[in-house]
C-alpha cells in the first residue's frame with residue numbers, strides 16, 4: 001500500500017511478489033471526495049527475480065537457504081522493495097557444501113551505496129552454531145571476510161542490511177572461496193592442546209598457520225601443539241625457517 005502523499009504528486013512505487021497468477025492494482029483519491037476532469041497516467045513494469053536474484057523467494061531462512069558454488073560470483077538483492085515498508089526486512093541465506101575443515105573466504109565485490117551489509121556465518125548447527133560475524137562498516141563498502149571451520153557439512157551465510165531499514169535497487173555481489181586445511185596446515189583442528197598435539201617427524205619441514213582468521217576476532221587465539229617421539233636423551237634443535245611479518249612467534253618446549 002502507498003498513500004499519504006500530496007495532491008497532484010506523481011510517484012514511483014515498487015513491490016515484490018513471490019507468487020504467480022493474477023495481481024491487482026486499486027486506485028482511489030486519498031480523501032475520497034475529489035473529482036478530476038483530466039486523467040491520471042501510469043505505466044507498470046515487471047522484472048522477474050530470475051534476472052536479478054535467482055535465490056529470492058526461497059532464501060529467507062536456514063531451511064530455504066540457497067545452495068551456492070565456490071569461486072563463482074553471486075548476485076542478490078537486499079530488501080527488494082517489499083511494500084517499501086521498513087518493517088519488512090529482507091534477509092538472505094545461502095548454503096555452502098563444506099567437505100572438510102578449512103578456511104572460508106567471502107569476498108563481497110560490490111554493495112549498493114545505501115546498504116551497510118552485515119554478514120553472519122553459521123556451521124551445520126545453524127542458528128546455534130555461529131562461527132563468524134562481520135558488521136558495523138560503512139554504507140556501500142565492499143569487504144573480504146575470512147572464517148575458519150573445523151567442521152564438515154553444510155555451512156550458511158546470512159546477509160542483511162545493518163539496520164534492516166534499507167532497500168536497494170541494485171544487487172550486491174560476492175564470491176566464496178574455500179581452502180581446506182589439508183593444503184595449508186595438516187595439523188589444524190587437532191593441534192590446540194597437549195592431548196591433541198600433532199605428531200611430527202624429524203628433519204622434515206613443517207608448515208602451519210597461526211590464528212587462521214578464527215572469526216577475525218582478536219580474542220580467539222590459535223595455539224599449535226606438536227608432539228615429538230624422543231627415544232633417547234639428546235639435543236632438540238628447532239630451526240624456524242620463516243615467520244610471517246606480523247607474527248612474533250613464541251616457542252615453548254614441554255616434557256610430559
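Highest mobility in the GNM of the chain, judged by mean-square fluctuation with C-alpha springs under 10 Å and restricted to 180, 201, 233, is found for 233.
Sorted from longest to shortest, the spans of the Cα atoms of the chain along the three principal axes equal 105, 33, 28 Å. Considering only 209, 25, 96, the mean-square fluctuation computed in a Gaussian network model of the chain, springs between alpha carbons under 10 angstrom, is largest for 25. Taking 21, 132, 123 in turn, the Gaussian network model of the chain (Cα-Cα springs below 10 Å) assigns the largest fluctuation to 21.
Quarter the surface of the alpha carbon convex hull of the stretch 49-182 and you get the mean projected area, 7.5 square nanometres.
Rounded to the nearest 500, the 222 nm mean residue ellipticity of the chain from helices alone is -500 deg cm²/dmol, with -39,500 (n - 2.57) taken per DSSP H run of at least 4 residues. Annotation for the stretch 1-71 versus the stretch 85-134: alpha-carbon center distance of 26 Å.
Just so you know, all these numbers are worked out from the coordinates, no wet-lab data involved. Predicted model, so just to flag it, every value in this text is computed and none were measured.
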